[in-house]
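As structure tokens, the structure follows; a few thoughts come after it.
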Amino acid sequence: MSEHRILASCGNDCSACPRYVKHPYEKTEEELLHTARLWMKIGYRDHVVSAEEIACTGCKPENWCRYHVVKCCEEKGIQSCASCPEYPCGRMRECFAVTKSFEPKCREVCTVQEFDRLHRAFFEKEENLRH
């Protein structure tokens, strides 16, 4: 995997995300289905979705986001929450808390390799926004 990191507005590291499929991070259908099964085991989804549905090409304002981060950043004309004078706002504090709430289940059901990848992708978002 390339060393080039791609950070989402919320601080997620897309380059480490098992869903992210933009070049050079393409995934096979089997890799995506593995992720779909993992998402259900973790509790991110209530059923296994298709490879097409789990695949992600990055955040866009029109994509569904519980916290409306990309839309908010676009409206404020900033790249990420780290550039916002209101950071960390209530929605980002909630985002961090909800993300952290999944860490114990991830440790329980993931392999060490899967957990390490999810940790880089999602659980380091606050640290990523500080840099």
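Take Ser50 and tell me if it is modelled with pLDDT under 95, farther than 18 Å from Lys125 by Cβ and either open to solvent by less than 90 Å² (accessible area, probe 1.4 Å) or of a type in the set (Val, Ile, Thr) (or both).
Spelling it out, it is not the case that Ser50 is modelled with pLDDT under 95, farther than 18 Å from Lys125 by Cβ and either open to solvent by less than 90 Å² (accessible area, probe 1.4 Å) or of a type in the set (Val, Ile, Thr) (or both).
Can you name every residue in the range 57-79 that is open to solvent by less than 80 Å² (accessible area, probe 1.4 Å) and either modelled with pLDDT of 95 or more or over 14 Å from the mean Cα position of the chain (by Cα) (or both)?
Across the range 57-79, the qualifying residues are Pro61, Cys72, Cys73, Gly77, Ile78.
Residues that are farther than 21 Å from Leu129 by Cβ: list the helices (runs of 4 or more DSSP H) wholly contained in the range 20-89 that include at least 2 such residues.
Here the list reads 29-42, 51-54.
Go through (1) open to solvent by less than 70 Å² (accessible area, probe 1.4 Å); (2) of a type in the set (S, T, N, Q); (3) more than 24 Å from Glu127 (Cα to Cα) one by one and return the number of the condition Thr28 breaks.
For Thr28, the failing item is (1).
Could you say whether any residue in the range 31-45 is open to solvent by less than 20 Å² (accessible area, probe 1.4 Å) and more than 18 Å from Glu114 (Cα to Cα)?
No, there is no match, as no residue in the range 31-45 is open to solvent by less than 20 Å² (accessible area, probe 1.4 Å) and more than 18 Å from Glu114 (Cα to Cα).
Can you pull out every residue in the range 4-19 that is surrounded by fewer than 21 Cβ atoms within 10 Å (Cβ to Cβ) and among the aliphatic types (A, V, I, L, M)?
Matches in the range 4-19: Ile6, Leu7, Ala16.
Any residue in the range 99-112 that's over 14 Å from Cys17 (Cβ atoms): show its pairings with residues that are among the charged types (D, E, K, R) at Cβ separation under 6 Å, as long as the two are six or more apart or on different chains.
Partner pairs satisfying both residue conditions: Val109/Lys41.
The values are calculated or read from the model by the stated rules, or taken from the named source; none is laboratory data. The model shown is predicted, which means the values in this text are computed figures rather than measured ones. All Cβ positions, glycine included, derive from the backbone under ideal geometry; neighbour counts span all protein chains shown. Areas reflect the complete protein model, heavy atoms only, side chains present, ligands, DNA and RNA absent. Shrake-Rupley method; radii C 1.70, N 1.55, O 1.52, S 1.80 Å.
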